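Here is the structure we will look at.
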Amino acid sequence: MSEENVYLSPNPASAARPIAIDPEKCTGCNLCVNVCPADVFVPNPEAGRVPLVLFVDECWYCGPCVDECPHEGAIRLNYPVMWRVPWKRKETGRHYWLGMKNPPPPNDTPPA
Amino acid sequence: MSWGTWIDLNAGNDAMKWPYPIRYGQEDAVDVDVLVLGGGIAGCWAAISAAEQGAKVAILERGSILGSGAGTGCDHWQWAITDVPGVSLSAEDFTQALVDNHGGYNNGISRYIQARDGYETLLELEEMGGKVRDTEDTFKGAEFRDEQTKLLFAYDYENRIVMRVWGMTFKRALRSRLRRLGVDIHERVALTGLLTERRGEDATAVVGATGLNVRTGAFNVFTAKATVLCAARPQRIWTYSTELAGSCDLRMPGAMGGGYAAAWRAGTEFAMMEKSIPAGLSINPSAPHGSGHPSNTWYPCTIVDANGKEVPWVDRDGHALETFEERCRPAPGQRFFIKGGGQSSLPHQGLRDYQGPRLTNVDTLVEKGEIELPLYADLPSLPAHERRAIFGLMVGQEAKTKHTYANYTHAGFDPDRDMLLSYQQLIGGGGYGTSAEGAKTVLGFPSIRNAHSGTTGGPVVDWNLRTNLEGLYAAGDGMLGGNDHSHAATTGRYAGRRAAWFARQATARSGSREQIEAEKRRVYGPLQRKDGVHWKELLAGINKTMQAYCGAVKSEGLLRMALEAGEDLKHVVDTELAAVNPHDLANALSVVDILTAGIDIIVPACLARRASSAFLHFSRAEYPAMDPPEWQKFVTIRQEDGVVKQGERPLNLGAPFEENYLAHRPAAPIGA
Ligand SMILES: Cc1cc2nc3c(=O)[nH]c(=O)nc-3n(C[C@H](O)[C@H](O)[C@H](O)COP(=O)(O)OP(=O)(O)OC[C@H]3O[C@@H](n4cnc5c(N)ncnc54)[C@H](O)[C@@H]3O)c2cc1C
Ligand code: SF4
Ligand code: SF4
């Protein structure tokens, strides 16, 4: 908690943060920037750095940005809190939620 | 603090500088034989087929070819009939069924083209690299698989009118083909208007289009002998919430009606624009197809209640289905069933004839205490192939929902063991989507509508898929009766060819300087003000106007109010609408397009139909009788010098289909 670096800032443009980029893995190649149908991103003014997720409120969760990224895990779609749908394990009756605290292990089955 | 002040605060901060070169007002000129507007499914196919005919082709797209359009993916290839292995129906009979299913309010021309050319188109797509067969034998032995061709079917397994496909491969295949054919691709260019030329007394020809680069603000002038409109249809007319982030609309946010607005201003004739349906669950609380349901992608998934009790399925006659298999067969005495077909606020014969199995009305069962909420999609109980087809293929291999698959499985969701929550109780009734509007619409019924889902209104076309304007063709969702992926593909392919043939015979075109200058003044208008009404405020104003005066219940008085309020909104556009960068400007212009679609097209269309119609979900307070015989027709509208002209067309447009299709097919290639 710092009392010095407090600035004026508007409210977030959207209730959601659709895109999460890992700056450690992103090389700033801008492939995601150039495939996005809605221009949600703009390139970082500094070449080779993480694109800016500027127009978050226009994201459609369509995913080509993730598909185009050459670096596994550099970018992912972040489903907002209101999208975290529950499911019930049939044999135990227990509910699980997307984004829950102690999630079950991932299911590695690829699509058909 | 106003928006303008906020921007001033950032002046001089280099980190906040617009990252692309600013080229406001600078012109880029392109001259081609065929210009395609919109790079979605219809647009890609139109450009490919025109180029294959030897035409010089350019395509403009607001976003990127690979990422844009509703059809970046697709899980069903609908309604290909002719030559499909094992299909005994004729394209003629099927088209008639589809038209009847909508009470006549469908486009028999484009639907016949879809039924007849759909399989041929799919095979071409496969050659380009689209995956359409179960070559890995994942579904070997499944009831919905044709063992010889390895094609997979959906819904009605006996009649095979819909296929299951690997849609995420399609757009990439189309883009490769476009590139190989040397099509001139203009991405990040938003269509703003059509260039026209007067031909004689009352004929207009389209001779190109103008566009705005959404990154640089440059102005594009395209001239072309023929133009194909493929920019889909308007949405966000009654509602749009940026706060609900992407979950608000089925179709992509970039598709805001630029095509309709431009076509309208040029004088294109539209039909069925008075049709809209209750917006239903446009606030879908989950990722695309990321909650369980029994329809569409998830058909025919079992739904169970809180105690694991199955919600029963019924056939079209309300008879309970005993077995799972019966969900994929027509009812006794029924030829075949159509899913995703007609909707009406009243039952009618054409609906009943082709209605498929469905879940029993959930509302009634809850009321009677027979089932207990919440409900779940019971994937584990399904036959293994069905489970894998729904979650592994349909969800897992469609471009948008593959991310739902990835996110859910990463979080541990296992379709073999887990039941996904269903929000069926929010949707109501027995299905996904809504046909729940009662016959007696009462005041106070939610007035949030949409005119973009299902079979909608749009430009009227002939058997060349040409509009009433010389040189202007239309395809895909952005035409009368458009709705789905294979319809977009087949009509795009057909229209591109016709446009190329026309271009061979047409003389060179050039846009008039006067028109171009006028369009530039319109396009750059909002840049004159950095503080003022932002596009979101204008959009909200339009939405509210449409909710208040063009909602579920319409009347002459209310609709006239809509027109007056619309004039006010246009005044806001002229004097207050503000934009601060090319992205902002492009959005502002799109909202003006929404205003055109709502106030200039939809409201006059509603005024023109002086009768209520169950088929069109259309309720006029002063004309309560539903679908009187004299109003069973298409009402058409177009504008000429700012004056709305009404017309009409008979229902059953295009019939007899095969005869007309053949009559309009040239015996030898044109002009070759
Ligand atoms: C998630 C999802 C899944 C679907 N699944 C299926 C399915 O399984 N089966 C099925 O049959 N249908 C499906 N559909 C519907 C199907 O995708 C559409 O019917 C189809 O994409 C329509 O094609 P189109 O080319 O007419 O429109 P689109 O594919 O939407 O393309 C229109 C293009 O025009 C561009 N555009 C719009 N306005 C402008 C402008 N002013 N300037 C420049 N460009 C502009 C847009 O950016 C877009 O790229 C699905 C839709 C969605 C959203
Ligand atoms: S999900 Fe789609 S709209 Fe959102 S940032 Fe990625 S590409 Fe753009
Ligand atoms: S595509 Fe991946 S690596 Fe490239 S800029 Fe985007 S997130 Fe970074």
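The values are calculated or read from the model by the stated rules, or taken from the named source; none is laboratory data. This one's a predicted model, so the numbers in the text were calculated from it and none came from an experiment. Note: ideal-geometry Cβ built from the backbone for every residue, glycine included; neighbour counts use all protein chains shown.
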Discussion item. Among the listed residues B:290, B:318, identify the single one that is part of a loop (DSSP other than H, G, I, E, B) and surrounded by 22 or more Cβ atoms within 10 Å (Cβ to Cβ).
Written reply: B:290
Worksheet item: What is the residue count in segment B:623-656 for residues that are closer than 20 Å to residue B:469 by Cα and either part of a strand (DSSP E or B) or under 22 Å from the mean Cα position of the chain (by Cα) (or both)?
Response: 16
Item to complete: Output the residues belonging to segment B:148-185 that are closer than 30 Å to residue B:520 by Cβ and within 14 Å of chain A (Cβ to nearest Cβ).
Response: B:185
Worksheet, complete the sentence: When segment B:531-558 is checked residue by residue, the ones that are part of a loop (DSSP other than H, G, I, E, B) and surrounded by 18 or more Cβ atoms within 10 Å (Cβ to Cβ) are B:532, B:534, B:550, B:551, B:552
Worksheet item: Inside segment B:181-199, can you point out the residues that are of a type in the set (D, E, K, R) and under 15 Å from residue B:32 (Cα atoms)?
Response: B:184
Discussion item. I'd like the full set of residues that are part of a helix (DSSP H, G or I) and either facing chain B (nearest Cβ under 7 Å) or buried (at least 22 other Cβ atoms within 10 Å of the Cβ) (or both), limited to segment A:34-66.
Written reply: A:34, A:35, A:57, A:58, A:64, A:65, A:66
Discussion item. Quick check on my filter: what residues within segment B:405-424 are at the interface with another protein chain (Cβ under 7 Å from one of its Cβ atoms) and touching a Lys or Arg at 6+ places or on another chain (Cβ under 6 Å)?
Written reply: B:417, B:418, B:419
Worksheet, complete the sentence: Counted residues in segment A:67-79 being at the interface with chain B (Cβ under 7 Å from one of its Cβ atoms) and more than 12 Å from ligand 2 (Cβ to nearest atom) come to 0
Worksheet, complete the sentence: Condition set in a loop (DSSP other than H, G, I, E, B) and surrounded by 15 or more Cβ atoms within 10 Å (Cβ to Cβ), scope segment A:80-98, selection farthest from the other protein chains (Cβ to nearest Cβ): answer is A:84
Worksheet item: Can you spot a residue in segment B:356-377 that is assigned to a helix (DSSP H, G or I) and either within 12 Å of chain A (Cβ to nearest Cβ) or under 25 Å from residue B:335 (Cβ atoms) (or both)?
Response: no
Fill in: Complete set of residues in segment B:295-337 that are among the hydroxyl-bearing types (Ser, Thr, Tyr) and either in contact (Cβ under 8 Å) with a residue 60 or more places away in the chain or in contact with a Gly (Cβ under 9 Å, 6 or more places away or on another chain) (or both)
B:295, B:297, B:299, B:302
Fill in: Test result for residue B:90, surrounded by fewer than 24 Cβ atoms within 10 Å (Cβ to Cβ), away from ligand 2 (no atom under 16 Å from the Cβ) and either away from chain A (no Cβ under 13 Å) or closer than 30 Å to residue B:186 by Cα (or both)
yes
Fill in: Condition check for residue B:386: modelled with pLDDT under 55, more than 16 Å from ligand 1 (Cβ to nearest atom) and of a type in the set (Asp, Glu)
no
Discussion item. Quick check on this structure: which one of B:521, B:513, B:610 is touching a residue at least 12 places away in the same chain (Cβ under 8 Å) and charged (D, E, K, R)?
Written reply: B:610
